[in-house]
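Everything below concerns the one structure shown next.
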Amino acid sequence: IVRVAEAVSAQEENYIETENAEGFGAEDSSFSGDSNEEIVVNLAAFQKGKQEPSGEAVVIPDGIAAEEAGTEGQSDVFPSQRMLQVTLKRQLEEIRQKMTMQAAVAMEKRGIHVETEPLENVIRSLRQMENEYAAKQLGSAVVVTDEEFSLLQETLEKTNDIRESFAGVLGTGVRQQSLLTMNELHRAVSSENLSRREWMGVYETVQTQVRSDLGDSIQKAFSGVPSILESIGLEATEANERAVRILGYNSMEITRENIEEVKVFDAKVNQVIANMKPSTVLELIRQGENPLDTPMDELNEKLQAINEEKNVTEEEKYSRFLWQMEKDGQISEEERSGYIGIYRLLHQIEKSDGAVIGALLESNREITLGNLLTQVRIRKGSGIDAAVDDTSGAREAVHTRESITNQIRKGFSKNTSGRETGEQRGTGEQSGASLHEDREAYYQKLVSDSIEELSPSKLQEMADGDMQRLLNTSVERFSEELKRSGGNQEIRKAYYEAVAEEIRDGLKNTEAAEELLAKLSIPETVENLMAANEVLRGRDNVYSEIYSRKKLLEKHREEELEEVVDEIPEAVDSPEDLERNCEQAEKIMQEVLTKSYESADIKFEDLQRLRQLGRGIRLQAAFRASKSYDIPIRTGDTITSLNLTIIRGADETGKVQVSMDDERFGSVSLDFKVSADSSVKGLVLCSERQGFEILKEQQKDMEAAVEHAGFSVKNISYGMDFKSRNELLDESGQRGTDTGELYRLAKALVRQLTNVIQKGRIS
């Protein structure tokens, strides 16, 4: 139908009236069943689920309604069969329209009037249905232009064609894989001979699947593959066996190099297919890219980058792993230690961005978990961190956390048989820089996939009482076994139910959080709402908790954290310096979180708190974009923090708000407004009587600080009733105050409140 539509469209402009022009009209009548008006009515009713479409003119399968619950969970398989039927029907109606218009031209010249407008209504209704399906698949009612939708639809249809095509096509494109585009690959799979070719009656598709019933015919035809692989020194993994079959489909020589190239290309194409999610493709199109004409490697990188923003974070994956570990009563303490060690090993490899795997490839060693563990240890040195002895101030070497190696060894304590791990076996000569990089990316992807699949129950199933064998397992086989393993599905289900309950609890009574986010123009995501709730409940002093963990850092980074904490309050009068210092503090705080995650004896509850801190750090960054800052204040060996907000807008111009919660002072709030003549009106509130008295005693110092900053003091009021705060906040500014003035006033207020907090004492 697509080809017919294109052909009709191409001929339309060059159409010349002939004797058989009326024949188009005659042929057109064979398409009709109901009248066009009835078709439109049927479509409208059908979309609402009131009735099935009647007549032959609208051929749509039963149950196509967008509201149908059965479409749920199919967002990654697009276009669905239902969507495709609507699309084909719309294309068919467009062909009818073109034919009718051509016939209408000839008939009008003969004095016969043909009504074509109702047909346009049919097409419009069908396109509306398409757009509704697209919105459902994209997860929201996004506004998509016709051009974007057309390219999105074409991209996903061609991806689906490639997914379901004969796997032998991968052998034909392997030599030019770095420059190959989806359009070029689609042209190859559309080849008449290739698209119909079958091997021994079994059709093996491009999309790889973990399945035990690959097909008796394939098994018989390729029964000698394992021995072939053994003869050339390769493991009989599913990936290697499939690569041999693809070479066989194309009568290509079966060599180590050819197997590696085909295997890498196979994985690359499947990764692109997996990344081709509707919302991801649409985002790429909106960035001005054409997914069909972008080289495969570049396309994969761009799709991956978009998907990573939506993927589950490392903290959530580790949290899931630990939760299942603690709920599974069948796992011994030794196994627990070993399983966590395996997880930490995979995480370290993933973090190395290919460096660990690349080093093994360079040295021609097999990519086993044991060899990777050895390489991780080489990169990290002795695994001993340095800390300061508080009594002497001298540097001494201490084991701040258990090494991955020792942790895994604990898991082997009951079943070790004296075998060496990380056995070295050659993997053949390198076949060039390009293949080396592709192989590195291939194994790196296997590690990432393994982390996605990893669960304690799967590891227990795979180890089967002999955990030592895991380190002798190649990453390729390890990844395949993980995908085949069932694991404990009940515990997995229970975890997601617990997560849902946590989210429900976190989103209870979020009115204040919503108001806070709305005021600062921060998106109301689940993560932001939960983090804002923590802030409002006074349970999220990020600086304080991170500072208490600073010993996890190397000495020079610990000193940098202390320096930046002291510099932030002094940089308040300069937006640029303030932003730079806050970003530096954020980076170091993330390092502290990373070090905390790597603790060998971490519990699920600890990890949950770390995740809350992570949300708090990210929320701080969002706050800064709205001119709201968390300012750390050192008080002895601890940190407290205050919030500074600069308000300069249409309704509230020229206001500075400083607030904090302190164990001694309670809730403290300073709200100041700058008037047209640079005079200042302020309100100081404190919830605790003793704190209020201390602040009131410092009134002259507060006025002097404001005047020293270049402002005249009109009035500064003190109180304990926070309801009076609204009177000041509700007043509109009289003019657009200079931003520099506001930051200058902010520094004076922050400095004065800091002095009071650091010097003030409440018995």
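The values are calculated or read from the model by the stated rules, or taken from the named source; none is laboratory data. As the structure is a prediction and not an experimental result, all values here were calculated from the model. Here the Cβ positions follow ideal geometry from the backbone for every residue, glycine too, while neighbour counts run over all protein chains shown. For accessibility, only protein heavy atoms count, side chains too; no ligands or nucleic acids. Shrake-Rupley method; radii C 1.70, N 1.55, O 1.52, S 1.80 Å.
On the given criteria, is E316 open to solvent by 10 Å² or more (accessible area, probe 1.4 Å), under 30 Å from E605 (Cβ atoms) and of a type outside the set (V, I, T)? Spelling it out, E316 is indeed open to solvent by 10 Å² or more (accessible area, probe 1.4 Å), under 30 Å from E605 (Cβ atoms) and of a type outside the set (V, I, T).
Considering only region 518-560, state which residues are part of a helix (DSSP H, G or I), open to solvent by 20 Å² or more (accessible area, probe 1.4 Å), more than 17 Å from L593 (Cα to Cα) and among the small types (G, A, S). Hit for region 518-560 is A518, nothing else. If you filter region 488-510 down to residues that are closer than 30 Å to T368 by Cα and under 25 Å from the mean Cα position of the chain (by Cα), you find that the one that is surrounded by the fewest Cβ atoms within 10 Å (Cβ to Cβ) is Q489. Does V269 count as more than 19 Å from the chain's Cα centre (by Cα) and assigned to a helix (DSSP H, G or I)? Taking the combined requirement at face value, the residue satisfies it. Looking across region 270-317, the residues that are among the hydroxyl-bearing types (S, T, Y) and closer than 17 Å to K158 by Cβ come down to T280, T294.
Here is a list: S217, S227, S195. Which entry is at pLDDT 85 or above, part of a helix (DSSP H, G or I) and surrounded by fewer than 16 Cβ atoms within 10 Å (Cβ to Cβ)? Step through it out loud before you land on a result.
Working: S217 fails: at pLDDT 85 or above; S195 fails: at pLDDT 85 or above.
Unique residue meeting the criteria: S227.
Within region 701-712, the presence of at least one residue that is over 16 Å from Q752 (Cα atoms), at pLDDT 90 or above and surrounded by fewer than 21 Cβ atoms within 10 Å (Cβ to Cβ) is confirmed.
Looking across E554, E570, E480, one residue alone is under 28 Å from the mean Cα position of the chain (by Cα) and among the charged types (D, E, K, R). It is E480. Given the structure, is M252 of a type in the set (A, V, I, L, M) and open to solvent by 40 Å² or more (accessible area, probe 1.4 Å)? Against the criterion (of a type in the set (A, V, I, L, M) and open to solvent by 40 Å² or more (accessible area, probe 1.4 Å)), M252 qualifies. In summary, helices (runs of 4 or more DSSP H) completely within region 396-497 and bearing 1 or more residues that are under 30 Å from N270 (Cα atoms), touching a helix residue (DSSP H, G or I) at 6+ places or on another chain (Cβ under 7 Å) and modelled with pLDDT of 70 or more occur at 433-453, 456-463, 468-471, 475-484. Among the residues of region 172-183, is any modelled with pLDDT of 70 or more, surrounded by fewer than 19 Cβ atoms within 10 Å (Cβ to Cβ), of a type in the set (V, I, T) and outside any helix (DSSP H, G or I)? Yes, some residue in region 172-183 is modelled with pLDDT of 70 or more, surrounded by fewer than 19 Cβ atoms within 10 Å (Cβ to Cβ), of a type in the set (V, I, T) and outside any helix (DSSP H, G or I).
The residue of region 570-582 that is most open to solvent (accessible area, probe 1.4 Å), among those that are within 18 Å of I617 (Cα to Cα) and in contact with a helix residue (DSSP H, G or I) (Cβ under 8 Å, 6 or more places away or on another chain), is E579. No other residue among Q444, Q460 is open to solvent by 20 Å² or more (accessible area, probe 1.4 Å) and farther than 25 Å from N240 by Cα apart from Q460. Pairing residues of region 315-342 that are touching a residue at least 12 places away in the same chain (Cβ under 8 Å) with residues that are crowded, with 23+ Cβ neighbours inside 10 Å and among the β-branched types (V, I, T), at Cβ distances under 6 Å and at least 6 apart in sequence or on separate chains, gives G338/I408; G341/I404; G341/I408. Select, from S667, S641, S599, the only residue that is open to solvent by 30 Å² or more (accessible area, probe 1.4 Å) and touching an Asp or Glu at 6+ places or on another chain (Cβ under 6 Å). Being open to solvent by 30 Å² or more (accessible area, probe 1.4 Å) and touching an Asp or Glu at 6+ places or on another chain (Cβ under 6 Å) holds for just one of S667, S641, S599, which is S667. Considering each residue of region 281-290 in turn, none proves to be closer than 22 Å to V447 by Cβ and open to solvent by 10 Å² or more (accessible area, probe 1.4 Å).
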